[in-house]
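Below is one structure, written out as structure tokens, with a few remarks after it.
Read-outs throughout are calculated quantities, based only on the coordinates presented, and are distinct from any laboratory measurement. Just so it is clear, the structure is predicted and the values come from calculations on it, not from any experiment. Backbone-built Cβ (ideal geometry, glycine too); neighbour counts: all protein chains shown.
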Amino acid sequence: MSQTVRTRPEGSERQLSQAYDTALLDLDGVVYAGGAAIEHAVPSLAAARGDGMRLAYVTNNALRTPQTVAAHLTELGVPAEASEIITSAQAVARLISDQVPSGSRVLVIGGEGLRAALRERGLVPVEFADEEPAAVVQGYGGPDLAWGRFWEACYAIERGVPWFASNTDLTIPSGRGIVPGNGAAVEVVRIATGAEPQVAGKPLPPMHRETILRTGAERPLVVGDRLDTDIEGAFQGGVDSFLVLTGVTAAAQLVAAPPQHRPSYVDADLRGLLTDQPEVVADRGAGKQAVFRCGGWAAVAGQEELELSGQGAALDGLRALCAAAWTAAGDGSCALDSGKAVARLGL
Ligand SMILES: [Mg+2]
């Protein structure tokens with residue numbers, strides 16, 4: 001399923017926490033960073049829940065079990081139950097259980113989250129290629145994953161055992177910087193075997209299916225910080241999305257986003273769930289260049305760069321810039337320089 005090409009962020013007269021029944025929230029860069037809560041996240045989520053919005057958390061990280069993630073969130077001040085956490089480990093376990101008989105052995109390269117998810121689907125996690133696994137599954141194993149685990153994966157894959165990966169995020173944020181994620185570990189095995197894994201995590205359909213199955217959301221809003229996982233996953237699933245700028249995405253990247261990376265809404269942080277979203281209005285005089293206005297700002301796609309004038313809230317300026325850039329780019333990426341305009345907003 002795909003959507004028509006979005007050419008501007010949408011407006012919403014109702015606050016998002018009332019316009020949608022369930023928020024499907026990414027964790028890293030949205031709710032917490034390096035283990036600590038992101039500013040405004042805790043009170044904003046409490047208020048959204050108070051408005052009747054259901055909250056669920058959707059993570060590509062397969063290392064931790066839903067129980068562990070829920071305990072961490074609760075400790076940060078965001079009370080959560082294990083049933084409200086959806087992981088790529090659960091999505092890949094369901095994908096495997098669709099293709100191998102119940103009770104099959106599955107060789108695990110990864111952590112406890114992956115083992116628990118396999119058991120939940122009636123599969124048996126094993127450690128070695130010689131245990132005759134029906135599948136190999138690879139998920140993030142944390143800093144202690146031993147190199148020998150790749151050997152076991154390679155032995156089994158070379159014998160023709162089908163290979164699955166929870167997700168292919170190349171990097172993950174740690175408290176001290178960016179480090180290799182499961183995607184980097186998958187590349188190690190791919191280089192050694194020449195094989196191709198089946199992948200479950202965001203932005204792919206198995207993760208979206210798992211999320212909808214577990215939450216029963218009817219009018220969900222995907223909330224994320226990353227364009228190529230959170231926002232693209234929502235696009236692929238035909239679901240509205242809300243980008244927050246508290247994680248990995250810089251304003252200039254958003255302005256240059258191709259259609260599958262354009263969110264329905266953008267705001268600085270999770271406080272955006274509690275407000276209406278301003279409309280971007282296009283002003284197209286006959287024969288004149290289109291001007292995109294939001295709040296006190298006006299944006300125009302010039303010959304070589306995006307031009308911004310006016311004043312007001314930075315996010316309104318960004319919304320106007322997105323509309324000018326996305327309209328100019330159509331179904332591609334906007335190549336116009338946004339440097340000066342973005343700098344003007346202080347973003
Ligand atoms: Mg994230």
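Would you mind computing, in nm to one decimal, how far apart the modelled labels at GLU10 and ARG54 are, each placed 7 Å from Cα along Cα→Cβ?
Result: 1.9 nm between the two label points.
Using the Karplus curve 6.51 cos²θ - 1.76 cosθ + 1.60 with θ = phi - 60°, what ³J(HN,Hα) values do you get for each residue of segment 205-210, in whole Hz, with x for Gly and Pro?
With the stated coefficients, segment 205-210 comes to x, x, 5, 5, 4, 4 Hz.
Run the numbers on the chain and let me know its relative contact order in percent, using alpha-carbon pairs under 8 Å that are six or more apart.
Rounded, it is 20 percent for the chain.
Which percent, to the nearest 5, of DSSP beta bridges fully inside the chain are antiparallel? Intermediate values should be presented prior to the final figure.
Values: 18 of 50 bridges.
Bridges in the chain that DSSP calls antiparallel: roughly 35 percent.
Would you mind checking which residues have amide H under 5 Å from ILE172's amide H? H placed 1.01 Å from N; only 5 or more apart, or other chain.
Those lying under 5 Å, H to H, from ILE172 are VAL179, GLY181.
222 nm [θ] for the chain, helices only, -39500 (n - 2.57) per DSSP H run of 4+, per residue, to 500?
Taken over the chain, the calculation gives -9000 deg cm²/dmol.
What does the extension gain come out to for GLU158 and HIS40, with contour length at 0.36 nm per residue minus their alpha carbon separation?
Gain on stretching GLU158 to HIS40: 37.6 nm.
For Cα pairs less than 8 Å apart in space and 6+ apart in sequence, what is the mean separation divided by the residue count of segment 281-345, i.e. the relative contact order in percent?
Taking the mean separation of contacting Cα pairs over the length of segment 281-345, I get 28 percent.
Where does the charge balance sit around ASP98 when Lys and Arg score +1, Asp and Glu -1, over other residues with C-beta under 12 Å from its C-beta?
+2
Apply the Karplus parameterisation 6.51 cos²θ - 1.76 cosθ + 1.60, with θ equal to phi minus 60°, to every residue of segment 329-346 and state each ³J(HN,Hα) to the nearest whole Hz, in sequence, with x for glycine and proline.
Once rounded to whole Hz, the list reads 7, x, 9, x, 9, 6, 9, 5, 5, 10, x, 5, 5, 5, 4, 4, 7, x.
Students often get this wrong: which residues of segment 1-44 have the backbone nitrogen under 20 Å from the point 7 angstrom along Cα-to-C-beta of VAL179?
Flagged as within label range: 27-38.
For segment 281-345, just say rounded, prolate or oblate: build the C-alpha gyration tensor, square-root its eigenvalues into a ≥ b ≥ c, call rounded for a/c under 1.5, and beyond that prolate if a/b exceeds b/c, oblate if not.
oblate
Quick one: 3J(HN,Hα) in Hz for segment 61-66, Karplus 6.51/-1.76/1.60 with θ = phi - 60°, rounded, Gly and Pro as x.
6, 9, 6, 9, 6, x
Between ALA82 and VAL124, what is the FRET efficiency for a Förster distance of 22 Å, r being their Cβ-Cβ separation, to the nearest 0.05? Present the calculation step by step, with values, prior to reporting the outcome.
Numbers: r = 22 Å, r/R0 = 0.99.
According to the calculation, E is roughly 0.50.
Can you compute log10 of I(q)/I(0) for segment 220-347 with the Debye formula, treating each Cα as one identical point scatterer, at q = 0.13, 0.21 Å⁻¹?
-0.48, -1.26
Among DSSP bridges having both ends in segment 1-140, what percentage is antiparallel? Round to the nearest 5.
If I count the DSSP bridges inside segment 1-140, around 10 percent turn out antiparallel.
Using the beta-carbon distance between ASP283 and ALA250 and R0 = 22 Å, what value does 1/(1 + (r/R0)^6) give for FRET efficiency, to the nearest 0.05?
Efficiency at R0 = 22 Å is approximately 0.20.
Below 8 Å between Cα atoms, with a sequence gap of 6+, how large is the relative contact order for segment 89-199 in percent?
Over segment 89-199, the number comes to 24 percent.
If amide H atoms are built 1.01 Å from N in the plane of the peptide, which residues on other chains or at least 5 residues away come under 5 Å of the amide H of ASP240?
Excluding prolines and chain starts, which carry no amide H, the hits are VAL222.
With N residues in segment 1-95, what two-decimal value do you get for its Cα radius of gyration over 2.2 N^0.38 Å?
Computed over Cα atoms of segment 1-95, the ratio equals 1.19.
Using amide H atoms built 1.01 Å from N in the peptide plane, name the residues 5+ places from ILE86, or on other chains, whose amide H lies under 5 Å from its own.
Amide H neighbours of ILE86: TYR57, VAL58, THR59.
Indicate, rounded to the nearest 5 percent, the antiparallel portion of the DSSP beta bridges found entirely in segment 281-345. Working shown, then result.
Values: 11 of 12 bridges.
Around 90 percent of the beta bridges assigned by DSSP in segment 281-345 are antiparallel ones.
ARG271 label point, 7 Å along Cα→Cβ, cut-off 12 Å on backbone N: hits in segment 41-81?
Counting backbone N atoms under 12 Å from the label point, the list is 41, 43-44.
Would you please classify the overall shape of the chain from the alpha carbon gyration tensor, given that a ≥ b ≥ c denote the square roots of the eigenvalues, rounded means a/c under 1.5, and beyond that prolate means a/b larger than b/c while oblate covers the rest?
Details: a/c = 2.31, a/b = 1.79, b/c = 1.29.
The shape class here is prolate.
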